[in-house]
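The values are calculated or read from the model by the stated rules, or taken from the named source; none is laboratory data. Please read all numbers here as calculations on a predicted model, not as lab measurements. Neighbour counts run over all protein chains shown; Cβ positions are idealised from the backbone, glycine included. We work out accessible area using only protein heavy atoms, side chains counted, and drop any ligands, DNA or RNA first. Shrake-Rupley method; radii C 1.70, N 1.55, O 1.52, S 1.80 Å.
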Amino acid sequence: PNAPITREDMMVIIYRVIKDTIAEMRNDTQVVPYEDFADVSAYAKEAVSALIAEGIINGRNGLIVPKGYVTYKETEIVISRLLAK
């Protein structure tokens, strides 16, 4: 529980929790307009695409940074966006 988590893993966890509870959640797997989308692991592409399409996740300085560790502030922002939905 104290280990850092990557941004793509955070997105997968969030997507798995909310995709069944938000009926209008788009299953949008189109190419995301971020240069590093190709760096997203195959298992995370659907989650990353959907959360970006829904506006729950935004990039970090124009990149997704899927292998980077999520920060406390980013987690706070994502939770706030989820609660707003």
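Of the residues in the stretch 10-21, how many are in contact (Cβ under 8 Å) with a residue 40 or more places away in the chain and under 8 Å from the mean Cα position of the chain (by Cα)?
Going through the stretch 10-21 one residue at a time, the tally reaches 3.
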Of those in the stretch 68-77 that are β-branched (Val, Ile, Thr), modelled with pLDDT of 90 or more and open to solvent by 40 Å² or more (accessible area, probe 1.4 Å), the residue nearest to THR6 (Cα to Cα) is THR71
Q) Any chance the stretch 1-21 includes a residue that's β-branched (Val, Ile, Thr) and at pLDDT below 85? A) yes
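Quick check on VAL32: is it buried (at least 17 other Cβ atoms within 10 Å of the Cβ) and at pLDDT 90 or above?
When the stated conditions are applied, VAL32 does not pass them.
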Note on the stretch 29-67: residues without any contact (Cβ under 8 Å) to a residue 60 or more places away in the chain, under 21 Å from ALA3 (Cα atoms) and in a loop (DSSP other than H, G, I, E, B) are VAL40, SER41, ILE64, VAL65
Subset of the stretch 42-67, residues modelled with pLDDT of 90 or more, surrounded by fewer than 16 Cβ atoms within 10 Å (Cβ to Cβ) and not charged (D, E, K, R), comes to ALA42, TYR43, LEU63
